[in-house]
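What follows is calculated from the coordinates using simple rules that are stated; it is not laboratory data. Worth saying up front: this structure is predicted, and the values here are computed from it rather than measured. As a convention, Cβ positions derive from the backbone with ideal geometry for all residues, glycine included, and neighbour counts pool all protein chains shown.
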Ligand code: X6L
Ligand code: MG
Ligand code: MG
């Protein structure tokens, strides 16, 4: 079964755009990459602004295989899990995997807070408007600013 899957990526430590570029380049089966958004941090301790984007994959892999891939990419970016919801070099979340539903302790698909966060809904709407219900972007919370495409975002932005 080949799925239309979406992953959400974020970074707010170090070379943010570099971490995102490396992760997107390392992913297989990427069919779309959203613009990059600079976004106010949501939840957790006070921390720096994030860069966020969403990628679409056309993949035969299921939710659990994709979760493994997310963890691999986070490890490759040197992510250290210390403070809950704290700053991170790279966060990769499984948002949607076709019409699959998973409700396990370590993995929920669709992502349980997808529609609450403008830093996910805005880039998702750019590459998959058919999946975003009318009003969903306005209903989501948080401050986001589209700053360009991954290839032209300034490495020190
Ligand atoms: C009450 C309690 C209200 C917790 C909100 C929201 C916690 C979001 C965590 C919350 C709450 C999160 C990113 C981020 C994080 C990101 C931006 C999270 C996990 N990741 N902010 N905050 N981008 N802008 O990728 O999303 S931590
Ligand atoms: Mg996240
Ligand atoms: Mg995560």
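Annotations for the structure displayed:
- For the chain, convex hull of alpha carbons as volume per residue, Å³: 107
- Relative contact order %, the chain, counting alpha carbon pairs below 8 Å whose residues are six or more apart: 33
- For the range 82-144, convex hull of alpha carbons as volume per residue, Å³: 116
- Looking at the chain, the DSSP beta bridges with both ends there are about 95 percent antiparallel.
- Treating r as the C-beta distance of residue 101 and residue 76 and R0 as 22 Å, the FRET efficiency rounds to 0.15.
- Within the chain, helix-based [θ] at 222 nm, where runs of 4 or more DSSP H residues each add -39,500 (n - 2.57), nearest 500: -7000 deg cm²/dmol
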